Amino acid sequence: LPPLHMDSIIHLLDALEPPHANTTTPTDNLALTLGGCSTPGCHALLGHPPIPTASPPPLTPHHHLHRLLHRGAAVPGAVLAPDGSTVALGPVLAGIAVGLKLWGGGHIPILTPRMDPLFAVTIAEALATSFLSARGGDGATLGPGGCWDDIDNPQNYTLLGPPSLVPDAVANGAMDGVLLGNRMAKDPIGVADLLREYYGTSNSTEEGRPPSSYRRRDFGALAPPGKLEEEVLAMLRVLRALPPTRLLLEAVGEEEEAAIARRAAREFSERYVECPAIVPRCMWGARPYRGTPKPLSLPLGSIYIHHTFLPGAPCRSFAACARAMRAMQQFHQDTRGWDDIGYSFVVGSDGYIYQGRGWHWVGAHTKGHNSRGYGVGYVGDFSTALPDADTIALVRDELLPCAVRTGRLRHNYTLRGHRQMGDTDCPGDALFREIESWRGFV
């Protein structure tokens, strides 16, 4: 099979779609014909897939797409996007299909109660089913993330913990499905061009952030407080009326139904909208920790802000940031003689935070204070210039509030620049002046 990159999907779609494809191409029905719409709620809105008269001829683009969408024991249809995130294609294609129907005036059944069809086929049913199944307290409801066997030639994706019905790849695909469906409903283009525009065209692109790296922010704008809860509750009531799922809700009263919707919406928003995405060590190619890591005693009371100085230029793509992480770890282990990369987290200018030692292990970032706080380093030399506004906000407005909400950082934490704790210019004059205005600065 070709690598499970988004690039492979775009290449196959290019072969299926004629030049300058419009909404009358065969890719309109990909969600059905390739199995992207496979649940009772999705079938109620988009219909059932046509009965195939024969299997797709071997080695054709349609054959390869069908295999790619059904491959993967951990998350079927998962592919690696250029921004380093993993995306399940099923909800992406379902969202696009709904968007095309909304634009073209196609028939979408009106279900009772009424619900937004974009949310219905992407995330509402997945959340409703996951939290309904776990209402007794057993089993995971969201996550986990995972890692690929090879970033250059991804073929196998392995989850990093107990699976739920909404692992991170499905959450990413669902958010993308809402965003891309909304885009198609306004101004449709060929599906290959849509994916190329949204995800970028190469896993090693250095040309700045693709729109996909803003998925959490942009999805949050389409799902303001109350919207997601409303859609999950509506889906639970739709599922109550559908024969395949009716039995699941027989013993669930209206109050419990509302509580399930409230919990699902709150936990999804907290995890995937309000908290930033953190790239795990296995995705950036970390070496093993040398020795035995020492656990932190949470919650911590401090944050220490750094810049890396070297590399001196901000990294603006997944490939560049992963290279920077590997270089820093090599320097810290081989030259400094440390057990691992020193920082708790490292901030790229690609829209992502990279896991160093992480939430639970003592770092080597601020001598004498490593067990008291997290060390967060921005990739680049910020002596005279600042990171861009989005990259500043990634820590100030997302990582730190998330750490407080999840019990890893005290609500009355103190924040300092590295220079306040030792003989160094870190985090650079420009960045230090910036953090003086942040909450908790001392």
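The values are calculated or read from the model by the stated rules, or taken from the named source; none is laboratory data. Everything numeric here is computed off the predicted structure, so don't read it as measured data. Please note: Cβ atoms are built from the backbone with ideal geometry, for glycine as well, and neighbour counts cover all protein chains shown. Areas reflect the complete protein model, heavy atoms only, side chains present, ligands, DNA and RNA absent. Shrake-Rupley method; radii C 1.70, N 1.55, O 1.52, S 1.80 Å.
Which condition breaks for residue 341 when tested against (1) part of a loop (DSSP other than H, G, I, E, B); (2) open to solvent by 10 Å² or more (accessible area, probe 1.4 Å); (3) of a type in the set (Val, Ile, Thr)?
Evaluating residue 341 over (1) part of a loop (DSSP other than H, G, I, E, B); (2) open to solvent by 10 Å² or more (accessible area, probe 1.4 Å); (3) of a type in the set (Val, Ile, Thr) leaves (2) as the failure.
Would you pick out the residues in the stretch 361-387 that are within 15 Å of residue 286 (Cβ to Cβ), part of a loop (DSSP other than H, G, I, E, B) and open to solvent by 40 Å² or more (accessible area, probe 1.4 Å)?
None; the set is empty.
Out of 171, 126, 134, report the one residue that is under 14 Å from the mean Cα position of the chain (by Cα) and buried (at least 16 other Cβ atoms within 10 Å of the Cβ).
Step by step, each of 171, 126, 134 is checked, and only 171 is under 14 Å from the mean Cα position of the chain (by Cα) and buried (at least 16 other Cβ atoms within 10 Å of the Cβ).
Looking at residue 354, is it within 20 Å of residue 432 (Cα to Cα), assigned to a strand (DSSP E or B) and among the hydroxyl-bearing types (Ser, Thr, Tyr)?
No.
Tally time: how many residues in the stretch 241-251 are surrounded by fewer than 16 Cβ atoms within 10 Å (Cβ to Cβ) and in a loop (DSSP other than H, G, I, E, B)?
The initial filter retains those residues of the stretch 241-251 that are surrounded by fewer than 16 Cβ atoms within 10 Å (Cβ to Cβ), namely 241, 243-244, 246-247, 250-251.
With in a loop (DSSP other than H, G, I, E, B) added as a condition, the list becomes 243-244, 250-251.
Number of matching residues: 4.
What number of residues within the stretch 421-433 satisfy the criterion of being surrounded by fewer than 20 Cβ atoms within 10 Å (Cβ to Cβ) and either in contact with a Pro (Cβ under 8 Å, 6 or more places away or on another chain) or closer than 20 Å to residue 385 by Cα (or both)?
Residues meeting the conditions: 5.
Pick out the one residue from 378, 374, 352 that is out of contact with any helix residue (DSSP H, G or I) (no Cβ under 6 Å at 6 or more places or on another chain), within 17 Å of residue 213 (Cα to Cα) and aromatic (Phe, Trp, Tyr).
After ruling out the rest, the residue left standing is 352.
Regarding residue 140, is this residue part of a helix (DSSP H, G or I) and either under 22 Å from the mean Cα position of the chain (by Cα) or in the same structural domain as residue 31 (by the TED database) (or both)?
Taking the combined requirement at face value, the residue does not satisfy it.
Results for (1) assigned to a loop (DSSP other than H, G, I, E, B); (2) of a type outside the set (Lys, Arg); (3) in contact with a Ser or Thr (Cβ under 8 Å, 6 or more places away or on another chain), shown as yes or no for each residue.
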| residue | (1), (2), (3) |
| --- | --- |
| 234 | no, yes, no |
| 239 | no, yes, yes |
| 258 | no, yes, no |
| 261 | no, yes, no |
| 264 | no, yes, yes |
| 269 | no, yes, no |
| 289 | yes, yes, no |
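Among the candidates 83, 7, single out the residue that is within 30 Å of residue 148 (Cβ to Cβ), assigned to a loop (DSSP other than H, G, I, E, B) and modelled with pLDDT of 90 or more.
83
Which of the numbered conditions does residue 187 fail, given that it passes all the others? Conditions: (1) closer than 20 Å to residue 102 by Cα; (2) modelled with pLDDT of 95 or more; (3) among the charged types (D, E, K, R).
(2)
Tally up the residues in the stretch 104-123 that are in a helix (DSSP H, G or I) and buried (at least 18 other Cβ atoms within 10 Å of the Cβ), please.
7
I'd like to verify a number: residues in the stretch 271-287 that are part of a helix (DSSP H, G or I) and either open to solvent by 40 Å² or more (accessible area, probe 1.4 Å) or aromatic (Phe, Trp, Tyr) (or both), how many?
Summing the residues that are part of a helix (DSSP H, G or I) and either open to solvent by 40 Å² or more (accessible area, probe 1.4 Å) or aromatic (Phe, Trp, Tyr) (or both) in the stretch 271-287 gives 5.
Of the residues that make up the stretch 330-344, is at least one at negative phi, in the same structural domain as residue 403 (by the TED database) and touching a Leu at 6+ places or on another chain (Cβ under 7 Å)?
no
Can we say residue 403 is assigned to a helix (DSSP H, G or I), in contact with a strand residue (DSSP E or B) (Cβ under 6 Å, 6 or more places away or on another chain) and open to solvent by less than 60 Å² (accessible area, probe 1.4 Å)?
Yes: the conditions hold for residue 403.
Might you let me know whether the stretch 25-35 holds any residue that is in a loop (DSSP other than H, G, I, E, B) and at pLDDT 65 or above?
Yes, the conditions are met somewhere in the stretch 25-35.
Going by the structure shown, is residue 354 surrounded by 23 or more Cβ atoms within 10 Å (Cβ to Cβ) and within 18 Å of the chain's Cα centre (by Cα)?
For residue 354, the condition - surrounded by 23 or more Cβ atoms within 10 Å (Cβ to Cβ) and within 18 Å of the chain's Cα centre (by Cα) - is met.
Every residue, every condition in (1) hydroxyl-bearing (Ser, Thr, Tyr); (2) in contact (Cβ under 8 Å) with a residue 60 or more places away in the chain, yes or no:
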{"position": "76", "(1), (2)": "no, no"}
{"position": "82", "(1), (2)": "no, yes"}
{"position": "85", "(1), (2)": "yes, yes"}
{"position": "117", "(1), (2)": "no, yes"}
{"position": "130", "(1), (2)": "yes, yes"}
{"position": "153", "(1), (2)": "no, yes"}
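Inspect the stretch 159-182 for any residue being over 27 Å from residue 3 (Cβ atoms), in a helix (DSSP H, G or I) and modelled with pLDDT of 95 or more and give the result as yes or no.
Keep residues of the stretch 159-182 that are over 27 Å from residue 3 (Cβ atoms), which gives 162, 182.
Next cut, in a helix (DSSP H, G or I) only: 182.
Cutting the leftovers down to modelled with pLDDT of 95 or more gives us 182.
Checked against the condition, which is being over 27 Å from residue 3 (Cβ atoms), in a helix (DSSP H, G or I) and modelled with pLDDT of 95 or more, the stretch 159-182 yields at least one hit.
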